[in-house]
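Encoded as structure tokens, the structure appears first; notes follow it.
Laboratory data are not the source of any read-out in this text; all were calculated from the coordinates shown. Keep in mind the model is a prediction, meaning the values are calculated, not measured. Don't worry about glycine lacking a Cβ; one is built from the backbone with ideal geometry, like all the others, and counts go over all protein chains shown.
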Amino acid sequence: MKHQLKDICSITKGAIGIMKADGGKYPLVALSDERRNHSEFQFDAKAVIVPLISSTGHGHASMKRVHYQEGKFALGNILCAVVPNDEKQLNAKYLHLYLQQFKETLLVPLMKGAANVSLPMNKLGDVEIEVPSLERQLEIIVLEDEAAEYKNELQERLMLQDGDVTKLRQAILREAMQGKLVKQEKKDGNAKELLEKIKVEKAKSNKKEKPLPEIKEEEIPFDIAENWSWCRLGHISKLITSGSRDWAKYYSTDGAIFLRMGNLSRDNFNLRLHNIQNVKPPKSSEGKRTRLEEGDILVSVTGEVGNLGLIPKDFGEAYINQHTALVRLNSLIETKFIGYSFLSEFLKQQFTAPQRGMKNSFRLSDIDNLLISLPPLPEQNRIVKKIEQLMQLCDELQYSIQQSKIENEKLLQGALRDALK
């Protein structure tokens, strides 16, 4: 049987300004899930709390949640309490489930206003709800409790699976950096020869470089294959640099792309391009030095150090700020192999170890000194190919888990909705 709320409930507006909560002993219900506290109570009842203003505002009608509260409590003046007149006719928890489940069709359409969208209390009173027998209401409450418990249990399992995929990704990278992901082949040569070629190239460039510290035995964390070598990142890089503080004066609404820490990623090296600053670059050495090229690896060096980006093909003209370093590798090195090295726990631990100062920071010399386990170039290429195949499978697993979460929510909400009809 259907009833209008005004016929079976009292509807009372809250009386407390949200910002006037004084920290007393009674809960104060506001728009968010979190309760504030107040020294006086307005209600002593089992009540459903309905917001009277849109949760988003700006001319858009929306309602994130309908609350349930019982006992002595205060209520914010932008909400109202709907209290059943007779608990033997209408259970307050049932009413909460009903209004929460159908708020998008019953309550949100009643909100009016051009800028400050609100729900008139008289319109709320006209809302019709289905009121089955009290016995059926109690059955639905039990069903919702069981569904919520099942949902939480399933969510925990899915979160564990999600965590397992994250561990799997790191296991793949660990195997890759230790030379255990693909087979070594004699025809590949060895990394010592590769490093020697790079050293000869650097000598021909006549570019002065500071000598890098020798690799000490205690620095080496694991054994590698015979045809691999340990080296420092500076040994295999053409350029390691960062932007200057002067770029702010070149900001513009168009022009070249200016990449900052927010454009880098934590768990991959894909650039995040949803919030891009543009610049009109100077024609000075600063502009030439920090202009990015295809294959440059970007690394955040302040704040959350070690976030990454990789400049793809045909990216266009782009520059970096002082909080971001670029690593430009020798052409005899597979860029993505070093990119995946950066994503491994092995290199992440090197980033967290030498942070200095009040604000997390990482010096360019620290990047130069990063320890790298290096295979010969053909094996680098095979490793990258294998990693990408396995990471694709991890992506599919993670997508499947996310879809399971969505379907889980849909099924449980659908079951509850059917019970309430």
Residues with amide H under 5 Å from that of Cys9, placed H, sequence gap 5 or more: Asn85
Centre separation in Å (Cα based) which lies between region 32-75 and region 358-404: 47
Reduced Cα scattering model of the chain, Debye log10 I(q)/I(0), q = 0.07 Å⁻¹: -0.58
Listed peptides 78-86, 371-379 by packing density, highest first (mean Cβ within 10 Å): 371-379, 78-86
Cα centroid of region 153-227 to Cα centroid of region 259-332, whole Å: 22
Listed peptides 122-132, 380-390, 105-115 by packing density, highest first (mean Cβ within 10 Å): 380-390, 122-132, 105-115
For region 2-131, share of DSSP beta bridges that run antiparallel, in % to the nearest 5: 90
Qualifying chymotrypsin sites (Phe, Trp or Tyr not before Pro) for region 166-272 [loop in DSSP, other Cβ within 10 Å: at most 12]: Phe222
Among Ser265, Ser300, Ser205, residue whose mean-square fluctuation peaks in a GNM of the chain (springs only between Cα atoms under 10 Å): Ser205
Ranked Thr253, Thr324, Thr241, criterion: other C-beta atoms within 10 Å, fewest first: Thr253, Thr241, Thr324
Sequence-distant lysines (8 or more away, or on other chains) whose Cα lies within less than 18 Å of Lys216: Lys192
